[in-house]
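Right, one structure below, let's go through it.
Readers should treat all values here as calculations from the given coordinates under stated rules, not as data from a laboratory. All of these numbers come straight from a predicted model, not from anything done at the bench. Here the Cβ positions follow ideal geometry from the backbone for every residue, glycine too, while neighbour counts run over all protein chains shown.
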Amino acid sequence: MINTGRPTSLPAPFSIPMKYLFGPVNSRRLGLSQGIDLLSTKTCNFDCVYCEIGHTSIHTCERQEYTPTADILAEIDTLLSREDLAKPIDVFTITATGEPTLHTGLGEIIRHIKKKTGKPVAVLTNGAMMHRADVRQELAEADIVIPSLDAARPQSFRKVDRPAGCVDLAEIIDGMATFCRQFSGQVWLEVMLVRNLNDHPDDITALSEAIKRIKPHRVQLNTVVRPPLESFAEPLTHEELTAIAGQLPGNVEIIASFATRQHDSRRTPDTGEILEMLQRRPCTASDISEALNLEPATTEKLMEELADQGLVLRLQHQGKTYYQPPHS
């Protein structure tokens, strides 16, 4: 079940190290989500100013098997061999350190999960490859596809997403519209708004026209909450997001803030689990508490201890303390 809204008690962390699987984590949008990272090096056709995981190392539109698909499938099977870990999962979420549709094993991985579990599969993508029929065919195997469209004006698109030269904005919008017409599942279009880069009234008008063409099931507005790649990438306020939401067509929701959940005070924080989470993006103690269903005060104390020991670094952003690995 997706987006259950219930407090979920996570299973104990898996004892065998995983390279491609991470979590599961509590997701406000998806419920208890088991993450699958298809790429080990930042490989993307974008180099977004707001990215949480650093500059793109391989800036490309070339599809290939960047990581061994067989190894990813083996990790999935290892997880599934433990019913106590696999049973509570609501959804398998495919993402990447970069853009997952660049990996040619995407379709095989989705089919494998569906065959072995019957549980929903969600794919997070920047949408830049959706003009390709082979990519649309592979994404069609999923249940939920969450593409992003941060701007519908070329100049704003280039400022925010900094695409590779092989990327064409018109092709992206056409590809998303085609996919939505053909896809039997859910498409949730995410829009990341950055102050003074893609929030001009002309941007919102162009975005509105693009959304009318694409016809996603949901539009999800986001802004720069976590520490971004570029210091000039600043967030919009909740009031500004609300005003923009009222100008966009369809089912529009704001996802920039976390919902309040109950936490499982019986669950003990696991340092390895937390450090693995921080490898993928900087987080506050509250983020960690929400994602891993941990008691907030205990999590806050542990993070301060880890910082004092030099296992994580403190990073101040927008009046909040974020934690990240020392090598970030």
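Pairs of lysine residues in the chain that meet both criteria, 8 or more places apart or on different chains and Cα atoms under 19 Å apart, total 6.
Counting only Cβ charges, +1 for Lys and Arg and -1 for Asp and Glu, the dipole size of the chain around its Cα centre is about 640 debye. Averaging Cα coordinates gives a centre for the range 274-328 and one for the range 160-186; these two points are 34 Å apart. Calculated translational diffusion coefficient of the range 12-157 (37 °C, 0.692 mPa s; Stokes-Einstein with Kirkwood radius over alpha-carbon pairs) equals 208 µm²/s. Only one residue of ILE113, VAL160, GLY127 has its Cα farthest out toward the positive end of the dipole of the range 21-257, where Lys and Arg carry +1 and Asp and Glu -1 on Cβ, and that residue is ILE113. When the chain is treated as a Gaussian network with alpha carbon springs shorter than 10 Å, the biggest mean-square fluctuation among ALA140, ALA152, ALA206 belongs to ALA206. For the range 273-328, the relative contact order works out to 38 percent when only alpha carbon pairs closer than 8 Å and six or more residues apart are counted.
By other beta-carbon atoms within 10 Å, ranking SER27, SER231, SER289 with the fewest at the front produces SER231, SER27, SER289.
Under the combined filter of DSSP loop state and at most 16 neighbouring Cβ atoms within 10 Å, the range 94-149 retains these trypsin sites (Lys or Arg not before Pro): ARG132.
Largest GNM mean-square fluctuation among HIS238, HIS59, HIS131, using the chain with Cα springs under 10 Å: HIS238. Amide H contacts of LYS42: SER57, each under 5 Å away and 5 or more positions distant or on a separate chain (H built 1.01 Å from N in the peptide plane; Pro and chain starts excluded). For GLY31, nonlocal amide neighbours, meaning residues 5 or more places apart or on other chains whose placed amide H falls under 5 Å from its own, are ASN3, THR4. Diagonalising the gyration tensor over the Cα atoms of the chain and scaling each eigenvalue by 5 before taking the square root yields semi-axes of 29, 24, 19 Å, largest first. Calculated [222 nm] ellipticity per residue, helices only, for the chain: -10000 deg cm²/dmol; basis is -39500 (n - 2.57) per DSSP H run with n ≥ 4, divided by all residues, nearest 500.
Across the range 92-105, computed HN-Hα scalar couplings (Karplus, 6.51 cos²θ - 1.76 cosθ + 1.60, θ = phi - 60°) run 9, 10, 8, 9, 6, 6, x, 10, x, 6, 6, 7, 6, x Hz from first to last residue, x flagging Gly and Pro.
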